[in-house]
Structures are given as C-alpha cells and as structure tokens.
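The block underneath contains the structure these notes are about, expressed in structure tokens.
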Amino acid sequence: QVQLVESGGGSVQAGGSLRLSCAASGDTRANPYRGWFRQAPGKEREVVARINTSSGTTYYADSVKGRFTISQDNAKSTVYLEMNSLQPHDSATYYCAANNFVWNAWGYPRPRYWGQGTQVTVSS
C-alpha cells in the first residue's frame with residue numbers, strides 16, 4: 001500500500017555529511033510514521049530516527065542524536081535524513097520505513113513497509 005524509494009547513499013570521509021531521501025507513494029496518509037533504520041553486516045537492524053508526518057514529532061536514537069536530522073517536505077511525501085559528523089561506525093545499509101502505528105526505540109512493532117535500502121560508507 002506504500003512504496004518507498006531511498007536515495008542519497010554513498011561514500012564519505014569521517015566528519016563529512018550525507019543527505020538521504022525517502023520518497024513515499026500510495027496510502028501515505030494511513031501510514032504517517034516514517035523513519036530510518038540501518039543495518040551493518042553481522043549486526044541487528046537498528047532504529048536511527050522516526051518522524052510522525054502528521055504531527056512533525058521526531059525521535060532519534062542516542063547514537064545519532066545531535067548529528068542526524070530527520071525532516072519532511074511540505075507535501076509530506078518525502079522524508080529526509082541529514083547526517084552530519086559521520087563516523088566509520090555509521091557505515092551501514094540504511095532503510096526507509098513506514099507504518100500505521102508508531103514503533104519504539106527497538107523498532108517494534110516492525111514497520112509494514114520498507115524501502116530497498118541505500119548504502120552508506122564512511123571512511124577514515
């Protein structure tokens with residue numbers, strides 16, 4: 001019911017910045033909770049940031065708080081993740097997600113809709 005397409009991943013040096021985009025289509029109004037997860041090889045998928053596109057409220061994992069910013073466009077169809085002060089441990093595949101209900105800091109309930117993922121590599 002919701003299609004998500006990520007873009008903006010790439011390779012950057014430590015201390016650099018990247019901006020990820022997640023374009024949503026379909027029944028977006030029924031799935032106002034949008035956000036980003038990331039998963040590094042051999043590690044569990046973890047919550048990065050979340051936004052309620054209806055209210056604008058945001059949530060950030062402690063590991064990215066103060067460095068990453070999640071936002072949306074005026075039409076609420078695209079969610080962005082601005083990543084600053086990137087470090088090698090931020091390297092992962094980043095996934096956009098959407099759901100009808102809010103998910104907690106551990107990513108539950110699991111979002112119903114996922115993007116294809118975009119790779120972020122931070123070198124030092």
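The values are calculated or read from the model by the stated rules, or taken from the named source; none is laboratory data. Nothing here was measured: the structure is a model prediction, and the numbers come from that model. When the accessible area is computed, the model is the full protein with side chains, heavy atoms only, and any ligands, DNA or RNA have been set aside. Shrake-Rupley method; radii C 1.70, N 1.55, O 1.52, S 1.80 Å.
A few remarks follow.
- Taking Gly15, Gly42, Gly26 in turn, the Gaussian network model of the chain (Cα-Cα springs below 10 Å) assigns the largest fluctuation to Gly42.
- Accessible area (Å², per residue) of the chain, counting only protein heavy atoms and a probe of 1.4 Å: 50
- Segment 83-108-segment 16-68 distance, computed between alpha-carbon centres (Å): 5
- For the chain, built as a Gaussian network whose Cα springs stay under 10 Å, the top-fluctuating residue of Gln72, Gln13, Gln39: Gln13
- Computed with a 1.4 Å probe over protein heavy atoms only, the accessible area of Glu82 comes to about 80 Å².
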